[in-house]
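Participant: Got a structure for you, written out below as structure tokens; questions coming shortly.
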Amino acid sequence: MIGLGLIGGSLAKALRERGLCQTVIGYDRNPDELAAGIRLGVIDEIADSLVEAAAKADVIVLAVPVKVMESVLAELKPVLKETTVITDVGSVKGNVVRAAEAIYGKMPARFIPGHPIAGSEKVASLQQIRAF
């Protein structure tokens, strides 16, 4: 999980609690977020760098601001395995897709643009999220 803010942290915790990953590795520029991630059981391990996190990952979730997505994708490019799946939780897809195309020359087949399901106006109840 690249970025342990509200959406990234929530997704990491849900994946971990449901046993959907062997290990949830977290990276965030803010060391306090990483420490909280371990303390609260959101992540299993801390990566010291973006490159370290990506080099170990089978799936990468980019939970960073859209304005830094291109620089993050550029930093990840040299260490990605051919089989690594990338997705994001950015709120706008046009910018994310353009960033991926700029870095990789085309939209990589292993990049799956995602979208967060967040905001009370989009979800009837927390029970529905838990059931999902």
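All of the numbers you see were taken from the coordinates with simple rules; none came from a lab. Remember, it's a predicted structure, so these values are computed and weren't measured experimentally.
Participant: Can you give me the Kirkwood hydrodynamic radius for the stretch 25-102, using every pair of distinct Cα atoms, in Å to one decimal?
Facilitator: Computed over the stretch 25-102, the radius equals 13.1 Å.
Participant: Rounded, prolate or oblate for the chain? Axes are the square roots of the Cα gyration tensor eigenvalues, ordered a ≥ b ≥ c, and the cut-off for rounded is a/c under 1.5.
Facilitator: oblate
Participant: To the nearest 500 deg cm²/dmol, what mean residue ellipticity at 222 nm is calculated for the chain from DSSP H runs of n ≥ 4 alone, each contributing -39,500 (n - 2.57), summed and divided by the residues?
Facilitator: The per-residue figure over the chain is -11500 deg cm²/dmol.
Participant: Could you pull out every residue, at least 5 positions away or on a different chain, whose amide H is within less than 5 Å of the one on residue 59? Hs are placed 1.01 Å off N in the peptide plane, and Pro or chain starts have none.
Facilitator: When sequence neighbours closer than 5 places are left aside, the close amide H contacts are 85.
Participant: While we're here: Within straight cross-link reach of residue 81, meaning Cα distance under 12 Å, which aspartates and glutamates are found once same-chain residues fewer than 8 apart are removed?
Facilitator: In chain and number order, the partners are 58.
Participant: Continuing with the same structure: Do you know the relative contact order of the chain, to the nearest whole percent, from alpha carbon pairs under 8 angstrom that are 6+ apart?
Facilitator: Numbers: 197 pairs, mean separation 27.2, N = 132.
In percent, rounded to a whole number, it is 21.
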